[in-house]
Amino acid sequence: MAARQHTEEEFAAQRKRQQEFEEAAFKIQTLVENVRHDPMKLRKITLHGVGKTREGFLHRILEPAFQARSLHEVIGLSRQAVRRMERFGIFEDIKIQLDSPRDNWLQDRKDLVDLGIWVKESSRIQIRTGTEAGNAEASLYGALTVKNVFGGAETLSTSMAFGTRTSSAFQFALATPLLADPDKNLSINLYSQTRNNTQWSSYEEDLKGGALKYSTLSPFGYHELAYEGHWREVCRPSEKASLTIREQCGHSLKSALTHMWVHDMRDEPLLPTTGHFLRVTQEYAGLGGDVNHIRQEVEAQVARSNNTGYILSATVKSGYLHSLNGKPSKISDRFFLGGPMSVRGFKSNGLGPREGEDSLGGDAYMSAGVSLMTPFPGLAGRESFKAHFFANAGTLVSVQPGQSATKTIDDLTKAPSVSVGTGIVYRHPQVRIELNFALPLMAAKTDALSRGWQLGLGISFL
């Protein structure tokens, strides 16, 4: 009985404290609402805990807060500045506090306020090693990243990777935000790669080069403008390599300007349930070297779902490579099509022109896919698993120098390769995994079919 009385007294005391807290919070909110539009300016900002970050860099971030002319604006602009600081990824924790001026001669100034910011800077050096699986490739990697190198949120990174398709890859990159804006970045990249293409064609490729990239966000999406220059060598043909592959062997130097625009309104990229996606990539090569072409590629996707777990998505992709020097295109620049992440029911890069066992790639392609995801029987309560029904179609063709657009369009549309199938999809936090049974319905003579089960691991699927 005494224990019960003690519990009721504790409950009553807790309820009283809660009521007092709510009353105090209401009074503070009422007070703020009454003065939120009163004239007020930010007098100074004091930073605590900053050791590695440049003062000038932080000044650019915080400067807009001094434009406030009321308490409401002071609070709003201060929060915006803090959010910008957080987006650079160089601070682990940020706290702010508004206070009246401490100077005795300003005690009577009710229109001035000081802002204090307490930060904890993140560790500069990060070392990562591990394995990755995605886009039909598995790799072992190691990476070293140094953040805030010069005190302005710069990032210096170097990495190496060894994989099933990219035999070896080494990269060095330095990136910096422009004008202390996290949405505007400039980077320089140096890289060296060896690509093993023997799974679909009898050659390997060495690539060494660099790129200067500028990226920004706009109300219309993500933009990336880049200059790339690299030396390439198609090399080490196998004993069974076709004559065309042997003719392609040798060195080439490519100097190109590229622009990529991405407009992504999907709820997530791996297994979207709603929204749309559009990516347009354009490339002009011919600023030097022996490669001269215009290359364009477009990808669009739309997804819709209902509250019972059904998801319907449709994807369309297309690309065109136009030679400007009257010579056939280089195999390193061509498009390849087919595989568990592309047109299912065909071998990886198995569609289009072929000579013997070698896929030769193409200069123009079109592909489309429709997928229906449904709750998987027995796993309806687990959103990561879905049953999958799909239909895919695609065409990849070569374009001869001087060929008319009418003939190219006719070649792309007259006889597409088509497949249908069903399977299961698992959405891992880092990658999408599909196991499908695919059945080709229509195929060209040169297509390499893969009737039966296909396993796909990656991020972007048709």
Report summary line: Listed by chain and number, the lysines with an alpha carbon less than 19 angstrom from that of Lys120, same-chain partners under 8 positions apart left out, are Lys52, Lys95, Lys147
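Once a ≥ b ≥ c are taken as the square roots of the eigenvalues of the Cα gyration tensor of the range 264-375, is the result rounded (a/c under 1.5), prolate (a/b larger than b/c) or oblate (a/b not larger than b/c)?
Numbers: a/c = 3.95, a/b = 1.81, b/c = 2.18.
The shape class here is oblate.
Taking the Cα centre as origin and putting +1 on Lys and Arg beta-carbons and -1 on Asp and Glu beta-carbons, what dipole magnitude results for the range 339-462, to the nearest 20 debye?
400 debye
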Query - Straight-distance crosslink candidates among aspartates and glutamates, where the alpha carbon sits under 17 Å from Lys347 and sequence neighbours closer than 8 are dropped - result: Glu137, Glu355, Glu357, Asp358, Glu434, Asp447
Requested in this report: May I ask for the angle, rounded to the nearest 10°, between helix 71-87 and the longest principal axis of the chain, with both axes built from Cα atoms and the value confined to 0 to 90°?
Outcome: 40 degrees
Query - Gln171-Phe437 pseudo-label distance in nm [points 7 Å out on the Cα-to-Cβ vector] - result: 3.9 nm
Report summary line: Expressed in nanometres to one decimal, the distance between label points 7 Å along Cα→Cβ at Arg17 and Leu47 is 3.9 nm
Requested in this report: Whenever you get a sec, compute what percent of the accessible area on the chain sits on carbon and sulfur atoms (1.4 Å probe).
Outcome: 57 percent
**Report entry** For the chain: accessible area per residue (Å², 1.4 Å)
**Finding:** 56 Å²
Report summary line: Out of Ile61, Ser417, Thr273 - ranked by how far each Cα lies towards the positive end of the dipole of the chain, with unit charges on the beta-carbon of charged residues - the top one is Ser417
Query raised in the report: Taking the Cα centre of the chain as the origin, how large is its charge dipole in debye, to the nearest 20, when only Lys and Arg (+1) and Asp and Glu (-1) carry charge on their Cβ atoms?
Result: 120 debye
Requested in this report: Work out the charge dipole of the chain with +1 on the Cβ of Lys and Arg and -1 on the Cβ of Asp and Glu about the Cα centre, then indicate which of His259, Ile96, His293 is farthest towards its positive end.
Outcome: His293
Requested in this report: Please give the contour-minus-distance gain from Ala405 to Leu98: 0.36 nm per residue of separation, less the Cα-Cα distance, rounded to one decimal in nm.
Outcome: 104.0 nm
Query raised in the report: Do the sum for the chain: with -39,500 (n - 2.57) for every DSSP H run of n ≥ 4, divided by all residues, what is the mean residue ellipticity at 222 nm, to the nearest 500 deg cm²/dmol?
Result: -5000 deg cm²/dmol
Query raised in the report: To the nearest 20 debye, what charge dipole does the range 224-356 have about its Cα centre, counting +1 at the Cβ of each Lys and Arg and -1 at the Cβ of each Asp and Glu?
Result: 440 debye
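The values are calculated or read from the model by the stated rules, or taken from the named source; none is laboratory data. These numbers were taken from a predicted model, which means no experiment stands behind them. Counting neighbours? That spans all protein chains shown, and the Cβs are built from the backbone with ideal geometry, glycine included. Surface areas here come from the heavy atoms of the whole protein model, side chains and all, with no ligands, DNA or RNA. Shrake-Rupley method; radii C 1.70, N 1.55, O 1.52, S 1.80 Å.
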